[in-house]
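What follows is calculated from the coordinates using simple rules that are stated; it is not laboratory data. Because the structure is a prediction, the values reported are computed rather than measured. Cβ atoms come from the backbone with ideal geometry, glycine included; neighbour counts cover every protein chain shown.
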Amino acid sequence: MNIKDYSIILDDAAKTATSISQISNTTKINLDDAYTIQALSMKRRYRRGEKLVGLKMGFTSKAKMEQMGVHDLIWGRLTDAMEIEVDGDMPSKNFIHPRAEPELAFLLKKDIKIPISLDEIGSVIGGIAPAIEIIDSRYRNFKFSLEDVIADNCSSSGYAIGKWHAPNTDVSNLSIDIGINGTISKSGNSNAILGNPLQSLVEASRLALVYGQELKKDMIVLAGAATPAIHIKKGETVHASFGILGELKFNVV
Ligand code: OOG
Ligand code: MG
């Protein structure tokens with residue numbers, strides 16, 4: 001099987017919420033191959049009418065690296081079709097084995113054409129919001145290598161974004177909790193994200209540009225989870241809170 005075949009298999013697996021075996025079980029691919037598979041499978045989504053609305057960073061905290069056994073930064077693409085309304089419903093039938101994780105979302109107020117530094121971050125952020133990402137690996141048992149997960153668009157499958165706050169809101173040292181039906185399951189701190197969650201946007205500007213993905217005005221960037229992801233299932237209300245940024249929730253139906 002070639003790169004294009006894998007992009008079709010992964011896209012079909014996502015579309016039909018059916019798990020598949022890992023690419024690395026049978027084929028050795030490198031990082032470039034993995035990002036090419038991701039880009040090709042996303043092209044299929046765009047052809048079906050989905051719109052690229054932003055990027056997500058992954059493995060930006062130790063908690064996530066250790067949970068999944070992958071220790072490199074990764075990035076994936078988010079589309080409009082993945083959005084879950086705050087206080088709305090997430091249809092479980094569209095997912096294989098979904099997990100939720102608390103994230104920070106950045107809104108870009110201008111195009112980023114060259115990698116930015118932490119000092120320049122103020123000039124590109126238009127807002128900051130609390131968010132919950134839903135990840136749903138297309139691989140059986142949620143098991144993957146670094147290349148597998150990149151090819152699978154970094155398990156991206158959904159996101160809910162809470163209220164937007166001013167771009168200069170201090171998001172260092174925020175207590176972050178995620179839980180189900182009113183009970184906290186995991187707690188963390190925003191500084192667990194690369195020592196400073198804003199650093200995640202710096203890394204996004206660097207890594208995405210390597211593979212020709214521009215960061216555009218009005219795109220959102222998810223910074224990566226500060227806690228391990230939690231399993232979610234039908235009948236549950238998933239909530240997360242972020243100190244001064246507030247909280248958000250949605251229902252799995
Ligand atoms: C890969 C995605 C990682 C994060 O926030 O670290 C990620 C996965 O864990 O399936 O979204
Ligand atoms: Mg995430």
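Summary of computed values
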quantity	calculated
Added length on full extension, which subtracts the Cα-Cα distance from 0.36 nm per residue, Asp89 to Glu214	41.9 nm
Long-range amide H partners of Ile20 with built H, under 5 Å	Tyr139, Arg140
Contact order relative to length of the range 3-252, as percent, for alpha carbon pairs under 8 angstrom and 6 or more apart	28 percent
Of the DSSP H helices in the chain, those whose Cα atoms cover at least 30 Å axially and whose Kyte score averages -0.5 or more	none
Test item: Cα-centred dipole of the range 1-69, Lys/Arg +1 and Asp/Glu -1 on Cβ, debye	300 debye
Of His71, Ser155, Ala225, farthest towards positive along the dipole that unit charges on Lys, Arg, Asp, Glu beta carbons give the chain	Ser155
Rounded, prolate or oblate (a/c below 1.5 giving rounded, otherwise prolate when a/b exceeds b/c) for the chain by Cα gyration tensor	oblate
Point-charge dipole on Cβ atoms (K/R +1, D/E -1) for the chain, about Cα centre, debye to 20	520 debye
Additional length obtainable on full extension of the chain from Lys43 to Asn251, 0.36 nm per residue less Cα span	71.9 nm
Amide hydrogen neighbours beyond the local backbone of Met219, cut-off 5 Å, H modeled	Leu108
Leu52-Lys28 FRET efficiency (beta carbon distance; Förster radius 30 Å; 0.05 resolution)	0.55
Size of electric dipole in the range 61-196: Cβ of Lys, Arg +1 and of Asp, Glu -1, about Cα centre, debye, nearest 20	180 debye
